[in-house]
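The values are calculated or read from the model by the stated rules, or taken from the named source; none is laboratory data. Quantities reported herein were computed from a predicted structural model and do not represent experimental measurements. Cβ placement follows ideal geometry from the backbone for every residue including glycine, while neighbour counts extend to all protein chains displayed. The accessibility values were calculated without ligands, DNA or RNA, using every heavy atom of the protein model including side chains. Shrake-Rupley method; radii C 1.70, N 1.55, O 1.52, S 1.80 Å.
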Amino acid sequence: MKYLTTIGLETHVQLKTATKMFCSCSLKFGEEPNTNICPVCLGYPGALPVANREAIKLTVLSGLMLGCTINKHSTFDRKNYFYPDMAKDYQITQNTHPLCLGGGITIQTPNGPKLIRINHIHLEEDAAKINHYGQFSGVDYNRGGTPLMEIVSEPDLSSQDEAMAYLQALKQILVYAGVSDCNLEEGNMRSDVNVSIRPEGQTTLGTKVEIKNMNTFKGIYAAATYEIARQTYALTHGKALVQETRRWDPDANETQSMRSKENAHDYRYFPEPDLVPIALSDEQIAEWRSSLPELPSARRIRMMEEYGIPEYDAGVLADARENADFFEATARLCEKQLGKIVSNWFMVEVMRLLSETGKAIGACALTPAALAELITLADQRVINGPTAKELLPELFEKGGMPKALVEARGLGQVSDTSALEAFVQQAIASNPKSVEDYKAGKKAAAGYFVGQVMKLSKGKADPKLVGELVARALEQ
Amino acid sequence: MNIENLTICTAAEGLRKRAFSSVELTQGVLDAIQQKDGQINAYLTVDAEGALKQATAADAARFAGQDGDLLGIPIAIKDIINVEGQPCTCASKMLEGYVSPYDATVAARLRSAGAVFAGRTNMDEFAMGSSTENSAFKSTCNPHDLSRVPGGSSGGSAAAIAAGTALAALGTDTGGSIRQPASFCGCVGLKPSYGRVSRYGVTAYASSLDQVGPMTKTVEDAAILLQALAGVDAHDGTTSPAEVPDYRAALAGGLKGLRIGLPKEYFIDGTDPEVMVHIRKAIDDCAKAGAEIVDVSLPHTEYATAVYYIIATAEASANLARFDGVRYGHRTAAPESVFDLYAKSRAEGFGTEVKRRIILGTYVLSSGYYDAYYGRAQKARTLIRQDFTTAFKQCDVLLTPVAPTAAYKRGEATDDPLKMYLGDIFTVPANLGGLCALSVPCGMTHDRLPVGLQLLGPAFGEPTLLRVGAGYERLRS
């Protein structure tokens, strides 16, 4: 019997705001515990929440990037539960009228592109962090009240690989839009994974199991893999599955039951009376829409057409917004036919320097203008390729413009035939053995002479011209 | 000095004329509390030192040329309003010993107007009750008859004014908690429109119904206090950006030409006939003074009390969840687990009525019952609101009794919560509708107990409401 897997993801993403969701406390990561707190995020008597407009904007931007319908009238609700991580003992969230509805992400699968639909995106506040110290536990309310948006997918994912592709695509879009850093180590992106399996041919979904709160892609993959295997084993051995919530234990490499459906919380949701509904005008939404960056998938196609670069190159470049921006700025400063050459320079030389130094393109001294000038100098054979490649690390480290360096140091390529002829004659005269080899049919010996001439010119000779001169001299 | 007959207005006049200083005035209030409050129990705590310090500062400000209607005026504060550095117990064991780390917006506004915080007044625990007998610390007596209740939940504020131990006070009103004690004690009580006054820093009972308001000796004093309190607040998203009018300027208009509506559902059997005599007399007086009396109907009134006790308790069940013993307030000794900490701290910290309402509110929100209770109550609330919208097309204000009876005996209603709930029948609709409402004294029973009449105005209709109140007040004097 073959079993089909169904996965749905609920992904919590921390929004890139300066302050908390309902108060003006800072969101700086890594501060001393309980220093970014106030009566509001500590749930003191009488304190009231005020919704962070920036968080609303970032959620709407995400919705627009993901093709959602924006709810012009959305509301907050209270989700009631007692736990020390929630200062008010209720969480302010959006239960009935979330900010964004519908939408989806197209992922690549071995069977081609596949649309993963999004059910909705809602805005809420994060819980505080509980630290356990042996005999007691401490609550750090610095994280309490952090703006989170929860992106709820439809159960459209059929494997753990598709789940990974969805999360990667989601992360890329959100980072692209500047709504979140999606920094997994800082817990910026956490997912609940809903997994069920059913025998092939069965139309209704199997019993759903929810695995709570995982913050690494690796963990999500491993948990989904474990859970699919566990459920398949149960079904093939005639055991019933129960609807339940489980947790992933990375040390034991297994999921463990937290609570069954019978013991599920009754959250007693009701409309948050302390916050007025969020009303968004068409003009406001249109203004935000016009500020959206191009989606990576659309950018890939456009860059292929605009710069004549292969799909692979366009894909690599479009992956990170900063890199694509740099590439495009450089390519626009070069002759139009140089698109592929610019892409080669960026993907090979620049990306190598980025990976060696661990820097982001925005953090190095190289400018698109400098790179464009360097590529143009090489293309116009003012300098040769090796010289250009030698100059790049310096431009990357210290900045500056290549033309000035070339002039100051006399690095210009020697294309003067008479000067080069002299080097060729010198090389031939001092290597009679190789001349004999060449004449005996070892045509590869020509390369040796080219190398010698390059050395004599201190690397500045135009290698193509040298090749021609050497061949002509040897044939005589 | 004797402060018994002073109002905000006359005290301000005395300060302006330098007939006395704020320090003398404040000392007068403190002395009155010292002398009389042992019998009345209107105050929970009095910070004499802090009050005199504020008074000294107010005197210095006045000497430096400043003036203001509240500069140097002592105001009593209901113990549910946070003032930085002062206790804010909400008359609950849960918050015994709690010191507030911040000022409520209303406290900050009074502070910047130069007012003096005279003391913190007793109340029903977390504003849940109508007699101030649900206080965890003491029950307050009605100064008109010590064997009777002062009303509630702002009973301490009303009793202090009636006893002459306060010139004026702040109360809060979720279902009548300003108006009913004002009526029982013979003072003026104003519940502003929802959104008119910030709730920030006022410990929440029912967020969609709570409002802070003035309790005073005269309508003019109520207008002065409201002027200082009203207006949009960046800390409370439910406050309205609507402009704050000059309330005092509205007082002079008189009754002539105004249409006063009498909702027939408020003139029913069951109201004490002696209360009705005074209400009828007030209606006649208004008519004689040139007001047009109109009969109107608010057909969904009968559902109001039920709707109120569903919505208020639902919101309270969430609002009071934060009292869990983790960060502040009562914490049980040696809990065995985190849930034991919650259960025991709350069992020990909350009184019976608070527990009753939390349980009720939890029930009406629970899965499977939500639609039948909370969902239906919200729909009924919309209908009640619409009733008022329709009625205010036919009249400028509505006139009704405040409560079905005058002040009752202490202990009389405590055993029967339902009976106590029904005493709110005339006051809760204003909160459900977000209206403004005013309680003004209109007579005394044979037992020398005050009777109040209630005026209801549309949301943000305070100027007309105060105009009618002041006009009626002048007829009586």
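Do we have B:Ile33 as part of a helix (DSSP H, G or I) and either aromatic (Phe, Trp, Tyr) or open to solvent by less than 40 Å² (accessible area, probe 1.4 Å) (or both) here? Spell out how you get there, then give the answer.
Numbers: part of a helix (DSSP H, G or I): yes; either aromatic (Phe, Trp, Tyr) or open to solvent by less than 40 Å² (accessible area, probe 1.4 Å) (or both): yes.
For B:Ile33, the condition - part of a helix (DSSP H, G or I) and either aromatic (Phe, Trp, Tyr) or open to solvent by less than 40 Å² (accessible area, probe 1.4 Å) (or both) - is met.
With respect to B:Gly186, determine if the residue is within 12 Å of B:Asp173 (Cα to Cα), more than 14 Å from chain A (Cβ to nearest Cβ) and at pLDDT 95 or above. Taking the combined requirement at face value, the residue does not satisfy it.
Considering only strands (runs of 3 or more DSSP E) fully contained in the range A:160-259, which possess at least 2 residues that are small (Gly, Ala, Ser) and farther than 18 Å from A:Leu148 by Cβ?
Values: elements: A:189-199, A:209-214, A:244-249.
It comes to none.
For A:Thr96, the criteria (1) farther than 17 Å from A:Phe270 by Cβ; (2) open to solvent by 30 Å² or more (accessible area, probe 1.4 Å); (3) within 14 Å of chain B (Cβ to nearest Cβ); (4) not charged (D, E, K, R) hold in every case but one, which is (1). A count restricted to the range B:345-374 and to residues that are within 13 Å of chain A (Cβ to nearest Cβ) and open to solvent by 40 Å² or more (accessible area, probe 1.4 Å) stands at 10. Of the residues A:Cys23, A:Cys38, the single one that is within 14 Å of another protein chain (Cβ to nearest Cβ), free of Cβ contacts under 8 Å to residues at least 24 places away in the same chain and touching a Cys at 6+ places or on another chain (Cβ under 8 Å) is A:Cys38.
One line per residue, one yes/no per condition, for (1) open to solvent by less than 10 Å² (accessible area, probe 1.4 Å); (2) within 14 Å of chain A (Cβ to nearest Cβ); (3) touching a strand residue (DSSP E or B) at 6+ places or on another chain (Cβ under 6 Å); (4) assigned to a strand (DSSP E or B):
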| position | (1), (2), (3), (4) |
| --- | --- |
| B:Met215 | yes, no, yes, yes |
| B:Asp246 | no, no, no, no |
| B:Lys256 | no, no, no, no |
| B:Leu262 | no, no, yes, yes |
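For the range A:425-476, the tally of residues that are more than 18 Å from A:Gly385 (Cβ to Cβ), open to solvent by less than 80 Å² (accessible area, probe 1.4 Å) and among the charged types (D, E, K, R) stands at 1.
Return the residue satisfying two criteria in turn: it lies in the range A:256-276 and is facing chain B (nearest Cβ under 9 Å) and among the hydroxyl-bearing types (Ser, Thr, Tyr), and of such residues it is least open to solvent (accessible area, probe 1.4 Å).
In this case the residue turns out to be A:Tyr267.
Count of the range B:116-128 residues, restricted to those that are more than 29 Å from B:Leu70 (Cα to Cα) and modelled with pLDDT under 95, is 0.
Which of the following residues is under 23 Å from the mean Cα position of the chain (by Cα) and in contact (Cβ under 8 Å) with a residue 12 or more places away in the chain: B:Val397, B:Val364? I'd like the intermediate steps shown before the answer.
Numbers: B:Val364 fails: under 23 Å from the mean Cα position of the chain (by Cα).
One residue alone meets the criteria, B:Val397.
Exactly one residue out of A:Ala229, A:Ala279, A:Ala286 is within 14 Å of chain B (Cβ to nearest Cβ), at pLDDT 95 or above and open to solvent by 20 Å² or more (accessible area, probe 1.4 Å): that is A:Ala279. Scoring A:Ser158 on the criteria (1) crowded, with 19+ Cβ neighbours inside 10 Å; (2) closer than 23 Å to A:Leu101 by Cα; (3) of a type in the set (S, T, N, Q) leaves a single failure, condition (1).
Candidates B:Phe388, B:Phe426: the one that is in a helix (DSSP H, G or I) and open to solvent by less than 10 Å² (accessible area, probe 1.4 Å) is B:Phe388.
Can you name every residue in the range A:70-127 that is among the aliphatic types (A, V, I, L, M) and more than 27 Å from the chain's Cα centre (by Cα)? Even if it seems obvious, please write down each step before you answer.
The first filter runs over the range A:70-127 and keeps only residues among the aliphatic types (A, V, I, L, M), leaving A:70, A:86-87, A:92, A:99, A:101, A:105, A:107, A:115-116, A:118, A:121, A:123, A:127.
The answer is A:Met86, A:Ala87, A:Ile92.
If only residues of the range B:70-93 that are closer than 17 Å to B:Arg199 by Cα and without any contact (Cβ under 8 Å) to a residue 40 or more places away in the chain are counted, the one that is least open to solvent (accessible area, probe 1.4 Å) is B:Val83.
Go through the range B:390-422 and give me each residue that's polar (S, T, N, Q) and out of contact with any strand residue (DSSP E or B) (no Cβ under 7 Å at 6 or more places or on another chain). Passing the criteria: B:Thr390, B:Thr405, B:Thr414. Note on the range B:447-477: residues that are open to solvent by 30 Å² or more (accessible area, probe 1.4 Å) and within 18 Å of B:Val275 (Cα to Cα) amount to 4. Can you find a residue that is among the β-branched types (Val, Ile, Thr), open to solvent by less than 30 Å² (accessible area, probe 1.4 Å) and within 14 Å of another protein chain (Cβ to nearest Cβ) anywhere in the range A:63-78? Yes, there is a match, as at least one residue in the range A:63-78 is among the β-branched types (Val, Ile, Thr), open to solvent by less than 30 Å² (accessible area, probe 1.4 Å) and within 14 Å of another protein chain (Cβ to nearest Cβ).
Against the list (1) under 35 Å from the mean Cα position of the chain (by Cα); (2) over 29 Å from A:Ala320 (Cβ atoms), the condition A:Gly385 fails is (2). Taking each residue of the range B:187-209 that is at positive phi and looking for partners that are in a loop (DSSP other than H, G, I, E, B) and among the charged types (D, E, K, R) with beta-carbon atoms closer than 9 Å, six or more apart or interchain, yields B:Gly201/B:Asp103. If we scan the range B:220-229, do we find a residue that is surrounded by fewer than 22 Cβ atoms within 10 Å (Cβ to Cβ), not in a helix (DSSP H, G or I) and not basic (Lys, Arg)? No, every residue in the range B:220-229 fails to be surrounded by fewer than 22 Cβ atoms within 10 Å (Cβ to Cβ), not in a helix (DSSP H, G or I) and not basic (Lys, Arg).
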